[in-house]
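What follows is a set of notes on a single structure, which appears directly below.
The values are calculated or read from the model by the stated rules, or taken from the named source; none is laboratory data. This structure is a prediction, so every number in the text was calculated from the model and none was measured. Virtual Cβ from ideal backbone geometry, glycine too; neighbours counted across all protein chains shown. Side chains included, ligands, DNA and RNA excluded: accessible areas come from the protein's heavy atoms. Shrake-Rupley method; radii C 1.70, N 1.55, O 1.52, S 1.80 Å.
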Amino acid sequence: LWWYGNYAWHRKSIRTKYFPVVYMAQGEAWNRIAEETASRPAVIAYWGTAVIFHLFGAELQNRLVNLRLHAEDEPRPIELTSNQSIYLQLARQRRAKVDVAYWLDQLRDHQVDFLYLVDDPALGGVRAELSNAAANPHLLQLIFQKDNVYLYQVNGKGF
């Protein structure tokens with residue numbers, strides 16, 4: 001298709017301008033990830049949002065992983081209550097326990113380069129991950145934070 005090259009170039013050139021306008025802090029974090037992964041693909045761990053497509057990168061070069069907080073961190077049957085969303089109830093059930101050593105082992109085993117967090121209380125928040133990161137500044141360096149979005153770079157040599 002003769003027109004696709006020009007279309008792709010134009011789309012790529014305006015993406016960085018419109019991400020922050022449309023997606024606010026998440027869009028700015030996606031731009032930062034695009035800058036950081038322009039020369040080499042990365043492994044990105046995430047939590048707190050279902051809007052993850054842009055974490056894969058413009059060429060879909062990045063690999064995404066979702067880190068569990070403990071070995072039994074899996075969806076299980078729960079008794080739903082009518083005054084809370086199912087997402088919040090499931091998140092609270094899964095995130096009731098935190099095993100920092102297990103979480104750090106996953107960072108190492110998956111060879112995670114970046115940790116992307118969106119703190120949405122309606123989806124359970126990311127308090128546990130933020131605490132883990134604060135307790136391990138030699139492994140996780142905050143490189144972007146705005147509103148409720150956090151992006152850490154993982155120092156793999158610190159393991």
Subject >> Portion, in percent, of the accessible area of the range 61-112 that falls on carbon or sulfur, probe 1.4 Å >> reply: 51 percent
Subject >> Solvent-accessible ranking of L115, L104, largest area first, probe 1.4 Å >> reply: L104, L115
Subject >> Distance from the range 18-51 to the range 89-114 (C-alpha centre basis), Å >> reply: 20 Å
**OP:** Using 0.36 nm per residue of separation minus the Cα-Cα distance, give me the extension gain between V51 and Q93 in nm, one decimal.
**Re:** 12.9 nm
Original post:
With contacts defined as alpha carbon pairs under 8 Å and 6 or more residues apart, what's the relative contact order of the range 1-73 in percent?
Top reply: 24 percent
Original post:
Out of residues 5 or more away from V126 or on other chains, whose amide H comes under 5 Å of its own, with H placed 1.01 Å from N in the peptide plane?
Top reply: D120
Original post:
For Y23, Y152, what's the largest-to-smallest order of accessible area, 1.4 Å probe?
Top reply: Y23, Y152
Original post:
So how much slack lies between H138 and A38, counting 0.36 nm per residue of separation and subtracting their Cα-Cα distance, in nm?
Top reply: 33.5 nm
Subject >> Entry for P(r) over Cα pairs in 10 Å bins from 0, in percent (calculated from the structure that is shown) out of (i) 10, 39, 34, 14, 2, 0; (ii) 10, 28, 26, 17, 11, 6, 2, 0; (iii) 10, 36, 32, 16, 6, 1 >> reply: (iii)
Original post:
How would H70, H54, H10 rank on accessible area, largest to smallest, probe 1.4 Å?
Top reply: H10, H54, H70
Original post:
Under a straight-distance cross-link criterion of Cα-Cα below 20 Å, which aspartates and glutamates are reachable from K12, leaving out those fewer than 8 residues away in the same chain?
Top reply: E28, E35, E36, E59
**OP:** Rounded to the nearest 0.05, what FRET efficiency do I78 and V100 give with R0 = 35 Å and r taken as the Cβ-Cβ distance? Could you check?
**Re:** 0.90
Subject >> Sites Y18 and S85, calculated FRET efficiency, Cβ-Cβ separation with R0 25 Å, nearest 0.05 >> reply: 0.25
